[in-house]
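Beneath this line is the structure, given in structure tokens, with notes to follow.
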Amino acid sequence: QVQLVESGGGLVDPGGSLRLSCVASGSISSTNSMGWYRQALGKQRELVAEITSEGSTVYAESVLGRFTISRVNVKNTMYLEMNSLKPEDTAAYYCNIRWDRYNYWGQGTQVTVSS
């Protein structure tokens, strides 16, 4: 059983910053990919950023230069530093971890960017 717990969401003004955290627990392969996805109302879930256990990263073009993904492997913890937030970043943000045929999701944390 694998559990993912996100935290750090909230309401922030445009141009502001937030830091999301995701802690994974359970039987997890040491070789895996962790990622942040988001889903806005009425839209499909989309990849925001992903990081492998080796440290390789992928970002959605819309967040390049504004968001930074990182992780601490020994703690099975992943972070998303979000700067220069825009109203279009408003969404539920979900943590994901996957390896081989396994794929797990967190419950999500809401990020709202509004003045």
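The values are calculated or read from the model by the stated rules, or taken from the named source; none is laboratory data. What you see is a predicted model; the values in this text were computed from it and never measured. FYI the Cβ positions are ideal-geometry reconstructions off the backbone, even for glycines, and counts take in every protein chain you see. We work out accessible area using only protein heavy atoms, side chains counted, and drop any ligands, DNA or RNA first. Shrake-Rupley method; radii C 1.70, N 1.55, O 1.52, S 1.80 Å.
Relative to the Cα centre, what is the charge dipole magnitude of the chain, using +1 at the beta carbon of each Lys and Arg, -1 at the beta carbon of each Asp and Glu, and rounding to the nearest 20 debye?
Details: 10 positive and 10 negative charges, 36 e Å.
So the dipole magnitude of the chain works out to roughly 180 debye.
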note = Counting only residues 5 or more apart in sequence or on a different chain, those whose built amide H sits under 5 Å from that of Leu85 are Gly15, Gly16
request  = Specify the residue with the greatest mean-square fluctuation among Leu80, Leu11, Leu20, computed from a Gaussian network of the chain linking alpha-carbon atoms under 10 Å apart.
outcome  = Leu11
remark   = Taking placed amide H atoms and a strict 5 Å upper bound, the residues 5 or more places from Thr90 or on another chain that come that close are Val113
message = Just to verify a number: what accessible area does Arg45 come out at with the full protein assembly present, 1.4 Å probe, Å² rounded to tens?
response = 90 Å²
Karplus-derived HN-Hα couplings along segment 7-16 (A = 6.51, B = -1.76, C = 1.60, θ = phi - 60°), whole Hz, x at Gly and Pro = 8, x, x, x, 9, 9, 6, x, x, x
remark   = Residue-ordered couplings for segment 84-89, obtained by feeding phi - 60° into the Karplus form 6.51 cos²θ - 1.76 cosθ + 1.60 and rounding to whole Hz (Gly and Pro as x), are 6, 5, 10, x, 6, 7
query = What nm distance separates the two modelled labels at Ser114 and Arg45, each placed 7 Å from Cα along Cα→Cβ?
reply = 2.4 nm
remark   = Cα-based Rg then Dmax for segment 33-115, in Å, read 12.7, 43
key: Highest to lowest packing among 67-74, 91-98, scored as the average C-beta count within 10 Å   = 91-98, 67-74
key: Alpha-carbon centroid distance for the pair segment 4-50 / segment 76-106, whole angstrom   = 2 Å
